[in-house]
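The values are calculated or read from the model by the stated rules, or taken from the named source; none is laboratory data. None of these values were measured; they are calculated from a predicted model. Cβ sites come from the backbone with ideal geometry, for glycine too, and all protein chains shown count toward neighbours.
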């Protein structure tokens with residue numbers, strides 16, 4: 001099946017590649033990391049979570065194991081096929097509209113809020129605001145300090161693979177083209193994507209535009225944020 005890539009996005013390597021350049025095989029191998037614990041500590045026990053950009057379920061499955069109900073949304077059917085135990089919806093996040101259905105928690109991780117296209121970012125945040133229940137919250141993962149400047153850099157995972165941010169190249173209008181390499185013993189995959197750095201002030205202004213505001217920065221580095229609808 002031919003996948004139409006988003007402009008400025010590309011992926012290489014074996015197996016299915018999603019419209020934003022992600023390799024399904026790579027994301028099936030990546031560990032969940034500390035994110036499920038960060039999320040679980042920030043929301044009510046047993047909450048119903050709308051996970052936007054769920055991928056293969058790297059966080060979905062640990063959240064299910066922690067007693068949450070998860071509705072997983074992704075634009076890649078190949079990614080969603082790897083998810084078990086959760087309701088799945090195949091649709092671009094910025095186009096999602098589930099009518100009157102609301103969720104205790106809306107989750108927007110993987111730095112998606114830094115989409116290079118401002119219209120896409122606005123659509124992502126409007127989707128978050130549209131689906132959060134009264135009294136609920138939106139959890140957002142932001143890029144950390146130095147994400148676009150501390151390059152090249154790499155992390156060797158205890159699991160035996162290396163993730164390398166090989167380059168960050170300005171392409172105009174405040175947007176960078178980021179090139180990432182995933183090196184495993186049995187193969188290498190790459191992803192190139194567009195990302196827009198956002199200062200804290202720019203991030204909070206983007207939230208306000210969607211009718212959201214920061215409730216709390218959840219981690220010392222400020223990369224995880226709990227937002228709520230503006231009262």
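Observations on the model:
- Selection from the range 11-53 of residues that are surrounded by 16 or more Cβ atoms within 10 Å (Cβ to Cβ) and part of a strand (DSSP E or B): 11, 17, 23, 48, 49, 50, 51, 52
- Selected residue (criterion: farthest from residue 70 (Cα to Cα)) from residues of the range 103-138 that are touching a helix residue (DSSP H, G or I) at 6+ places or on another chain (Cβ under 6 Å) and assigned to a strand (DSSP E or B): 115
- Output for the range 57-72, where each listed residue is assigned to a strand (DSSP E or B), under 15 Å from the mean Cα position of the chain (by Cα) and either modelled with pLDDT under 95 or surrounded by fewer than 24 Cβ atoms within 10 Å (Cβ to Cβ) (or both): 71
- Under the condition of being in contact with a strand residue (DSSP E or B) (Cβ under 7 Å, 6 or more places away or on another chain) and part of a loop (DSSP other than H, G, I, E, B), the residues counted in the range 76-102 number 5.
- Boolean, residue 160 is over 30 Å from residue 102 (Cβ atoms) and either assigned to a loop (DSSP other than H, G, I, E, B) or outside the structural domain of residue 19 (by TED's automatic domain parsing) (or both): yes
- Residue check for residue 222: at pLDDT below 95, part of a loop (DSSP other than H, G, I, E, B), within 22 Å of residue 33 (Cβ to Cβ) and in contact with a helix residue (DSSP H, G or I) (Cβ under 9 Å, 6 or more places away or on another chain): no
Every residue, every condition in (1) over 17 Å from the mean Cα position of the chain (by Cα); (2) in contact (Cβ under 8 Å) with a residue 24 or more places away in the chain; (3) at positive phi; (4) in the same structural domain as residue 37 (by TED's automatic domain parsing), yes or no:
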| position | (1), (2), (3), (4) |
| --- | --- |
| 78 | no, yes, no, yes |
| 95 | no, yes, no, yes |
| 156 | yes, no, no, no |
| 164 | yes, no, no, no |
| 167 | yes, no, no, no |
| 179 | no, no, no, no |
| 184 | yes, yes, no, no |
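- Residues that are surrounded by 15 or more Cβ atoms within 10 Å (Cβ to Cβ) and touching a residue at least 24 places away in the same chain (Cβ under 8 Å), drawn from the range 198-209: 198, 203, 206, 207
- Checking residue 150 against (1) farther than 22 Å from residue 93 by Cβ; (2) assigned by TED's automatic domain parsing to the domain that holds residue 53; (3) not in a strand (DSSP E or B), the condition it does not meet: (2)
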